[in-house]
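Data block below; observations after.
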Amino acid sequence: MNKYTNLILGGIIIVLAAILAGTLIFLKNQPPQQRAIAPIEQIADMEPDSAKWGINFPNQWNTLQQTANNKTDTTYGGSSKFSQLERDPRQVILFTGYPFSKEYNDDRGHMNAVTDVNAIKRINEKSPATCYSCKSSNNPALWKQMGMEAYDATLFSDMKGNIQNSIGCANCHEAGSMRLIVTNPALKEALEAQGKDWTTFTRQEMRTVVCANCHVEYYFKGDHKYLTFPWANGTRIENILSYYKENGFKDWEYPDTKTPMLKAQHPEYEMFTADSTHYKAGVSCADCHMPYVREGAAKFSTHDVHSPLLNPEAACGQCHTDVKYVVGRVNEIQNQVYNTKIATEDALVDAIAALKTAAADPKADPTLLDEARNLHREAQFMWDFVSAENSMGFHNPEYILKILADSTNKARQAQMKAAQATGDMNLLITGVYDSLDPKPTPFK
Ligand code: HEC
Ligand code: HEC
Ligand code: HEC
Ligand code: HEC
């Protein structure tokens, strides 16, 4: 080795480094890769008929259609519409006085949404069209034509004729560019209320946000039933509770206890994005529920959205080498959450029994009674936020177990306050549900 060799070697390294840096900068400045699919059919803006989009994108359309026929169940989820009330009769008590105590079924695939909403016993002659908001690819065009305010002010029965198509391409994609978009005006408004502009979101963020068009907590605001996500204070459970407290909203009044109740919807988005392990690692809803699949030479996102436990190799195997292990973990997490959830329900049933007696006692202290009611309201909403969320805890196990612990605590406090309000220590009795014979069945 002499000093010339060193100089030459040094020179070579510098030149190589410069080439590498140049290449990286060049690559970074390239436009994103275009998909090599020439559109055969021009698709109209917000086209409600997915079959028309399907001419250009047969793989996505074929897999979307499979969601109509999925039936396989898992331990806690899956694609049949089993009755939540028959499986867990405590919920009949918890929803007494509200249509959810009549019929409450597990969710099915996207292509069944319109059939299922038209068949549910919860719908009556007063139900607003707002109930169609998350069910149909006719909506984006209707919202544009008539505005969401007028849409929501229409009766469900009067809207029925406009709703032919179940969930489809127009709920998630912009025709032409095919990019993922926010199609529900309520989502756009809820993001804006938090100072967020979805058009600045990355593609990976949109692979989660597109599901938030529907898989969220919402309520019908005011007399015209305006679809609203209660996110102005944030999307955590305490933010949502404080929002409902500020505007004094209630879904129904619990019979005999006179508690102003809240019904939670299906807050998958709020649960998952509350700093779950997967969310923090940058994983999206589509990663697990719409993994890439192969059909001949084509590689595409399956649009056959269902429980990832039915295709764990595709859903989890892209990131986890030991798929059997992680699926086993799901099972343990779900069993733990389920058992904790039942314990919370027992506490709520005990609180309701105590409150009923206390509310019927003319000598009960009204201030303490109201405190008990408020604890009941909050405890039950927190429980429902977990119960109505469809992953049985998997989307965010730590957070979900904390919510259940807080809920149980509040339910037991509600029971104690009711006893305090009357001075009747018999109201502290526990195990009310276990002593019921027969067990409740869904109200007719
Ligand atoms: C890390 C993977 C993963 C991510 C990310 C994920 N999920 Fe899930 N999801 C699951 C698993 C596992 C279940 C439980 C399925 C079961 O019990 O059969 C589930 C259940 C569900 C269910 C109920 C399915 C059924 O069979 O009834 C819905 C709905 C759902 N997820 C929506 C979402 C949405 C919306 C997001 C994003 C906000 C999301 N998921 C993010 C893995 C994931
Ligand atoms: C529930 C929402 C949803 C619906 C409904 C939906 N898509 Fe998608 N689609 C997605 C998501 C999420 C992706 C992944 C996008 C990404 O990674 O950028 C995707 C990706 C695509 C892609 C890009 C290629 C690929 O497979 O990743 C095409 C093309 C596409 N969808 C077509 C359609 C067509 C056609 C329909 C109707 C028949 C449809 N989609 C319905 C959510 C949806
Ligand atoms: C336009 C509204 C809408 C959008 C957007 C949407 N969903 Fe759904 N989703 C629904 C409805 C409604 C159901 C229940 C349908 C039924 O029970 O008939 C459902 C059901 C499901 C199920 C249960 C399927 C089964 O077989 O049990 C999963 C899982 C799911 N959605 C995941 C997602 C994911 C992930 C996204 C985003 C990529 C998404 N959804 C986007 C409305 C939507
Ligand atoms: C896109 C990548 C990706 C996918 C898809 C994915 N995971 Fe994960 N998962 C991660 C990352 C990253 C972590 C964080 C810990 C780590 O680095 O291993 C994680 C962690 C976990 C953990 C440990 C959680 C904890 O809190 O310690 C479990 C259990 C798990 N995943 C199950 C699943 C299951 C089941 C599926 C399929 C339904 C799935 N994952 C799909 C990336 C993924």
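Report whether or not Met416 is open to solvent by 60 Å² or more (accessible area, probe 1.4 Å), hydrophobic (A, V, I, L, M, F, W, C) and outside any loop (DSSP other than H, G, I, E, B). In short, yes. Pairs meeting the criteria (first residue in region 367-378 and assigned by TED's automatic domain parsing to the domain that holds Thr259, second residue of a type in the set (Phe, Trp, Tyr) and open to solvent by less than 20 Å² (accessible area, probe 1.4 Å), beta carbons under 9 Å, at least 6 apart or on different chains) are lacking. May I ask you to verify whether Glu270 is away from ligand 4 (no atom under 14 Å from the Cβ) and buried (at least 18 other Cβ atoms within 10 Å of the Cβ)? So Glu270 passes the test. In region 197-204, the condition of being more than 16 Å from ligand 4 (Cβ to nearest atom), within 30 Å of Lys439 (Cα to Cα), acidic (Asp, Glu) and modelled with pLDDT of 95 or more is met by no residue. If the condition is being away from ligand 3 (no atom under 15 Å from the Cβ) and open to solvent by less than 30 Å² (accessible area, probe 1.4 Å), then region 329-353 contributes Ile333, Val337, Lys341, Ile342, Thr344, Glu345, Ala347, Leu348, Val349, Asp350, Ala351, Ile352. Going residue by residue through region 143-162, is there one that turns out to be under 19 Å from the mean Cα position of the chain (by Cα) and either within 16 Å of ligand 1 (Cβ to nearest atom) or not charged (D, E, K, R) (or both)? Looking through region 143-162, none of the residues is under 19 Å from the mean Cα position of the chain (by Cα) and either within 16 Å of ligand 1 (Cβ to nearest atom) or not charged (D, E, K, R) (or both).
The criterion of at least 3 residues that are within 30 Å of Lys258 (Cα to Cα) is met, among helices (runs of 4 or more DSSP H) falling completely within region 306-404, by 323-359, 366-387. Exactly one residue out of Val293, Val209 is among the hydrophobic types (A, V, I, L, M, F, W, C) and within 11 Å of ligand 3 (Cβ to nearest atom): that is Val209. Counting only residues that are buried (at least 20 other Cβ atoms within 10 Å of the Cβ), more than 8 Å from ligand 4 (Cβ to nearest atom) and in a loop (DSSP other than H, G, I, E, B), region 275-292 holds 1 of them.
Every residue, every condition in (1) touching a residue at least 60 places away in the same chain (Cβ under 8 Å); (2) not hydrophobic (A, V, I, L, M, F, W, C), yes or no:
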| site | (1), (2) |
| --- | --- |
| Ser127 | no, yes |
| Cys134 | yes, no |
| Leu142 | no, no |
| Gln164 | yes, yes |
| Asn171 | no, yes |
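Considering region 310-334, and only residues there that are in contact (Cβ under 8 Å) with a residue 24 or more places away in the chain and within 26 Å of Met382 (Cβ to Cβ), the residue that is nearest to ligand 4 (Cβ to nearest atom) turns out to be Val330.
With of a type in the set (Phe, Trp, Tyr), open to solvent by 30 Å² or more (accessible area, probe 1.4 Å) and within 18 Å of the chain's Cα centre (by Cα) as the only criterion, which of Tyr226, Tyr218 stands out?
From the options Tyr226, Tyr218, the qualifying one is Tyr218.
Does Asn311 qualify as being within 16 Å of ligand 3 (Cβ to nearest atom), of a type outside the set (Gly, Ala, Ser) and open to solvent by 30 Å² or more (accessible area, probe 1.4 Å)? Taking the combined requirement at face value, the residue satisfies it. Tell me yes or no: at least one residue of region 293-300 is surrounded by fewer than 18 Cβ atoms within 10 Å (Cβ to Cβ), modelled with pLDDT under 95 and not in a strand (DSSP E or B). Yes: region 293-300 contains one or more residues that are surrounded by fewer than 18 Cβ atoms within 10 Å (Cβ to Cβ), modelled with pLDDT under 95 and not in a strand (DSSP E or B).
When Ala150, Ala193 are screened for being under 25 Å from Ser284 (Cβ atoms), out of contact with any Lys or Arg (no Cβ under 8 Å at 6 or more places or on another chain) and open to solvent by less than 70 Å² (accessible area, probe 1.4 Å), only Ala193 passes.
The values are calculated or read from the model by the stated rules, or taken from the named source; none is laboratory data. If you're wondering where the values come from, they're calculated on a predicted model, not measured in any experiment. Cβ: placed from backbone, ideal geometry, glycine included. Neighbour counts: every protein chain shown. Please note that ligands, DNA and RNA were not included when accessible areas were found on the heavy atoms of the full protein model with its side chains. Shrake-Rupley method; radii C 1.70, N 1.55, O 1.52, S 1.80 Å.
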